[in-house]
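The values are calculated or read from the model by the stated rules, or taken from the named source; none is laboratory data. Because the structure is predicted, anything quoted here is derived from the model rather than measured. Cβ sites come from the backbone with ideal geometry, for glycine too, and all protein chains shown count toward neighbours. SASA here: full protein model, heavy atoms, side chains in, ligands and nucleic acids out. Shrake-Rupley method; radii C 1.70, N 1.55, O 1.52, S 1.80 Å.
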Amino acid sequence: MDVSYPAEAEAFRAEVRAVLAEELPPGWPGIGAIAGRAEAEEFAAQWRQTLHRRGLLGLTWPAEYGGRGLSRLHQVVLVEELARAGVPYGEHTDLFGIKMLGSTLLRWGTAEQRHRFLPRILSGADRWCQGFSEPGAGSDLASLATRATLDGADWVIDGQKIWTSAAHRANWIFLLARTDPRARGHRGISFLLCPLDQPGVEIRPIRQLSGDSDFNEVFFTAARTPADLVVGPPGEGWPVAMTLLGHERGDEAATNPILFRTELDRLFALAAERGADRDPLIRQRLAWCYARVETMRYLGYRILTQLHNGDAELGAAASVAKLYWSEYHVAATELALDIQGLAGLVPDRRGPLRAVRTDDPGAPNSAGSWLGAFLNARAGTIYAGTSEIQRNILAETVLGLPKERREHG
């Protein structure tokens, strides 16, 4: 297997390195060295604008929407160089706008929707959040209770969403709502785009165990959005949502290993600093982490090849990648706390950036400590489909096992 990069990818690497040399101060130590969370968030927001100004956001998008029409391999090169420099990766500073909604609009959006929203996503003029989960509909999204009805030229939305990441920073939300009350299951659900800055929307932050408030409840009471802001046909939003979740689960498979390897290098350094690398059990667990990250890297190459060959629907491969990295991260961050001992329960700035999920603008949670990463890793086994859901998908689609029986009553 040849994993060397072609000449055009290496030429792009030289371009990225030139941008980093021009835009970062001499001796830049990485965002992890910034003293406080607020300062780190401010840098991340400014860095996002720098990436946009230098044409390094939405690399694979067509030029007519503000992208550059490059390949996903160019995107991998970009992540490699940004991770090496210790700066936030562009699409991870706007997970919901760039990676999730933007990629979905390129597949399902109308020409008018693409021209209206895609350039504003890249510029940061529109900041998006995701309205899928509800108090009674988490992994089983088909049981959602939010309703939308047509009233003249508008959809009127009533209902509640929960665990809505970064809603307090967003001005738009993409959401699932039942638009056909007679339909059952996945049918009759529509994928809507809705402005948040209107009287019918209330956002309530949820305080987490870490002390942060990255998640929110969002209440809709006769909130309105234009009728043409439905993505895909009305009542057929389920395949649109599955495309979006496929981007969330699988598209990162080629870039996550780069970020995890950067984090793992910090874990090796932590073990050496504390003298834990002489403990045979710790060394065994570090070796386990190394093997898993290498496995993720080669799985990422496989998925990248699928995408390069035009297979836009990753299917089971996306579930494999998501299940693998989320459960790895739980074990790796638990090891970090074991190495630190009681000191690991006190947040500090010497821990990693959050390697995968960056719901707020690239800033570490809980002041960037290993404790923050440990808490966030557990969320990784829940969002974008729980580990149990991923195992069910693999059991049914890969192994051909019968669907799980559900007891009622």
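More than 24 Å from the chain's Cα centre (by Cα), closer than 29 Å to Phe191 by Cβ and at pLDDT 95 or above - does that describe any residue in the range 58-65? Walk me through how you get there before you give the answer.
Of the range 58-65, the ones more than 24 Å from the chain's Cα centre (by Cα) are 64.
Restricting the remaining residues to those that are closer than 29 Å to Phe191 by Cβ gives 64.
This time we only want the ones that are at pLDDT 95 or above, so: 64.
Yes, the conditions are met somewhere in the range 58-65.
Scan Pro195, Pro226, Pro233 and give me the residue that is free of Cβ contacts under 8 Å to residues at least 24 places away in the same chain, closer than 26 Å to Arg107 by Cα and either touching a Phe, Trp or Tyr at 6+ places or on another chain (Cβ under 9 Å) or not β-branched (Val, Ile, Thr) (or both).
Step by step, each of Pro195, Pro226, Pro233 is checked, and only Pro233 is free of Cβ contacts under 8 Å to residues at least 24 places away in the same chain, closer than 26 Å to Arg107 by Cα and either touching a Phe, Trp or Tyr at 6+ places or on another chain (Cβ under 9 Å) or not β-branched (Val, Ile, Thr) (or both).
Which residue out of Glu64, Glu10 is exposed (fewer than 15 other Cβ atoms within 10 Å of the Cβ) and either more than 24 Å from Leu118 (Cα to Cα) or of a type in the set (S, T, N, Q) (or both)? Working first, answer last.
Working: Glu64 fails: either more than 24 Å from Leu118 (Cα to Cα) or of a type in the set (S, T, N, Q) (or both).
Residue meeting the stated conditions: Glu10.
Scan the range 1-14 for residues that are of a type in the set (Gly, Ala, Ser) and either in contact with a helix residue (DSSP H, G or I) (Cβ under 6 Å, 6 or more places away or on another chain) or not in a helix (DSSP H, G or I) (or both) and jot them down.
Residues satisfying the conditions are Ser4, Ala9.
Counting only residues that are surrounded by fewer than 12 Cβ atoms within 10 Å (Cβ to Cβ), assigned to a helix (DSSP H, G or I) and over 25 Å from the mean Cα position of the chain (by Cα), how many does the range 15-51 have?
Count: 3.
Got at least one residue in the range 75-90 being in a helix (DSSP H, G or I) and in contact with a Gly (Cβ under 6 Å, 6 or more places away or on another chain)?
no
Only residues that are at pLDDT below 95 and not aromatic (Phe, Trp, Tyr): list them for the range 200-215, please. Spell out how you get there, then give the answer.
In the first step, residues of the range 200-215 are kept if they are at pLDDT below 95; the result is 205-215.
Correct list: Pro205, Ile206, Arg207, Gln208, Leu209, Ser210, Gly211, Asp212, Ser213, Asp214.
Might you check whether a residue that is more than 24 Å from Gln130 (Cβ to Cβ) and modelled with pLDDT of 80 or more occurs anywhere in the range 306-327? Talk me through it step by step, then tell me what you get.
The first filter runs over the range 306-327 and keeps only residues more than 24 Å from Gln130 (Cβ to Cβ), leaving 306, 308-311.
Now drop any that are not modelled with pLDDT of 80 or more, which leaves none.
There is no residue in the range 306-327 that is more than 24 Å from Gln130 (Cβ to Cβ) and modelled with pLDDT of 80 or more.
Anything in the range 233-280 that is open to solvent by 60 Å² or more (accessible area, probe 1.4 Å), acidic (Asp, Glu) and either outside any helix (DSSP H, G or I) or modelled with pLDDT under 90 (or both)? List them, or say none.
Glu236, Asp279
Of all residues in the range 114-153, which are within 19 Å of the chain's Cα centre (by Cα), within 18 Å of Pro181 (Cα to Cα) and in a helix (DSSP H, G or I)?
Leu141
Inspect the range 170-180 for any residue being within 17 Å of Glu134 (Cα to Cα), touching a strand residue (DSSP E or B) at 6+ places or on another chain (Cβ under 8 Å) and open to solvent by 10 Å² or more (accessible area, probe 1.4 Å) and give the result as yes or no.
First, pick out the residues of the range 170-180 that are within 17 Å of Glu134 (Cα to Cα): 173-179.
The next check asks that each one be touching a strand residue (DSSP E or B) at 6+ places or on another chain (Cβ under 8 Å); those that pass are 173-179.
Checking the rest, the ones that are also open to solvent by 10 Å² or more (accessible area, probe 1.4 Å) come to 178-179.
Yes; the residues of the range 170-180 include at least one that is within 17 Å of Glu134 (Cα to Cα), touching a strand residue (DSSP E or B) at 6+ places or on another chain (Cβ under 8 Å) and open to solvent by 10 Å² or more (accessible area, probe 1.4 Å).
Kindly indicate whether any position in the range 137-146 is acidic (Asp, Glu), under 19 Å from Ile389 (Cβ atoms) and open to solvent by 40 Å² or more (accessible area, probe 1.4 Å).
yes
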